[in-house]
Amino acid sequence: MTRYHSVASGPRGRRHPLHLALIGVALLVGGYFLWSTMSILRTANRVQPPVLPPNAPLAPPPIPGRQLASPPAVPVSPARDICQLIDGREVCGPKKFVATHDFQPILDGQVVPEGLHYKLDMASGHKWAKLLDDKPDDPHNAVAVVVTPGEVASAPVTTETKPKIAPPPPTKPNGRLGTEERAQFEVHMQDILRSAGTSAPTAPADLYTLILTLGDLADLVEEREFGEHFADQNGIPALLTLMDRERSVEMTQQAALVLGNALQSNPRAQHIALNFGLMDKLFTRIGRETSPAALNRLVYALASLVRGSPEAVAQFANHASGIHTLAQVYAATADILLRRRCVRLISDVFNPLMVPTPVRILDNAGTRADVHHWCWNFGRGLQAAIADPNELDVDWKSTLAGGLLNAHLAFPQSCALACDGSYRDLAGAAIGGNEPCPFDNFQPALEDEVDKYADDEDYSTYADTLRELLATRKA
């Protein structure tokens, strides 16, 4: 009789559960792969690639999770988040600017990292940047550049309309300037030019930092080499842009201080500034400014542009409104420092010893009224200083006397030191009053002052100037 054993009984039956488990796992894995293969085939049948004509450009793949318009107006790839028209063509880039060793356009709205080499177009507002070069001591490296110089919303200034005068050669590098100072200058220039390249007003916290940067830059550009680099790299239009955009007294003060320090006794920087048209722009700002603190700095910048430059002196003296503008500032302010700054500038402009070569200044109807302003201001100020027993500043009186003498020598017809009818009408009406002409009792006051300082060697120059004034009146 044949005996059958159950699966669970006997020595062999104990291994049957393991066999069954292995078979089950194999069936599950095979089923999963079969299901995956069928899903892929179904998806492939539903999504057919479009048939492209020959040589058609490939469209970028769709971005997962993003709904694309149908049809899209402009294909946008994952790396192209911002687009902008530049010079008639569309340029796209990521939200965060990615710098390379070549200049790349900075698009509106991009986040730009620190420490790049910038290039700005002040006329169009377009900006470029690249990585800093590897040689920090190279003057062409790590320095911001501005192309197409000109103020925002104004036509670019062309040098063809300016006098054909060759610029002075650059100053030889100063061996005393260390790498740290040069690096500081380069960083500050980048900060200023990058800020000038943005159209939105600066946030208060950033404005404070920017003003501090200008203060540091003002110290650096006192060095002639840095002053030249500042002008060569178009720091002048950048500062004017910042003044116009921020409209704050602090910004105007610091920007004008940088201009004045960079231009002072710096022939090359003066030449670049004149070709840019800085004199007209300073006169415009001086004419509309009301803050004495800002006016002091603007007049300082103007004086730094003019002093020592025959070209600038000629432009200033023959300017349509230059002498007149400073006369108005002098008459309108009670600020003693500002008045004295105006007087010293006009006195220097009329002083032939202040420039290395003679300057031809026209004495005609166009300058007559403006020179009358200053003859009146010099004469009135000198008379008041002589009559005031508390006025102990002989240097100030010497400045007034020298300014009056220089104005008379430069404009013998317009500043005749005489109270004729035309002079009285022009000068009196110009200052808005009926005060007596300062030259009515001028001679006795001068004679008494000469006697007072005749034996004082410390003020011999002042006494000599007074004697020259007396001699011109007696001639």
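The values are calculated or read from the model by the stated rules, or taken from the named source; none is laboratory data. Note that this is a predicted model, so its numbers are computed, not measured. Positions of Cβ are generated from backbone atoms using ideal geometry, with glycine treated the same way; all protein chains shown enter the neighbour counts.
Taking the condition of being more than 20 Å from Thr290 (Cβ to Cβ) and not hydrophobic (A, V, I, L, M, F, W, C), how many residues in region 234-259 meet it?
4
Sort through Val112, Val76 and tell me the only one that's modelled with pLDDT under 75, surrounded by 15 or more Cβ atoms within 10 Å (Cβ to Cβ) and more than 18 Å from Leu193 (Cβ to Cβ).
When all the criteria are applied, what remains is Val76.
In region 278-298, what residues are over 17 Å from Asp335 (Cα atoms) and of a type outside the set (D, E, K, R)?
Leu278, Met279, Leu282, Phe283, Thr284
Going through region 215-241 one residue at a time, which ones are surrounded by fewer than 23 Cβ atoms within 10 Å (Cβ to Cβ), in a helix (DSSP H, G or I) and under 14 Å from the mean Cα position of the chain (by Cα)?
The answer is Gly215, Ala218, Asp232.
Among the charged types (D, E, K, R), at pLDDT 80 or above and closer than 22 Å to Phe283 by Cα: is that true of Arg344 in this structure?
Yes: the conditions hold for Arg344.
Can you tell which of Val394, Val450 is under 44 Å from the mean Cα position of the chain (by Cα), over 28 Å from His324 (Cβ atoms), surrounded by 15 or more Cβ atoms within 10 Å (Cβ to Cβ) and at pLDDT 85 or above?
Within the list Val394, Val450, the selection yields Val394.
Here's a check for you: in region 178-214, which residue that is outside any helix (DSSP H, G or I) and in contact with a helix residue (DSSP H, G or I) (Cβ under 7 Å, 6 or more places away or on another chain) is surrounded by the fewest Cβ atoms within 10 Å (Cβ to Cβ)?
Pro201
Hey, among Ala387, Ala407, Ala471, which residue is closer than 24 Å to Thr333 by Cβ and at pLDDT 90 or above?
Ala387
Kindly indicate which of Ala205, Ala200, Ala231 is modelled with pLDDT under 80 and among the small types (Gly, Ala, Ser).
Ala200
Please report, ordered by residue number, the helices (runs of 4 or more DSSP H) entirely within region 254-340 with at least 2 residues that are within 14 Å of Gly227 (Cβ to Cβ) and among the small types (Gly, Ala, Ser).
267-276, 292-306
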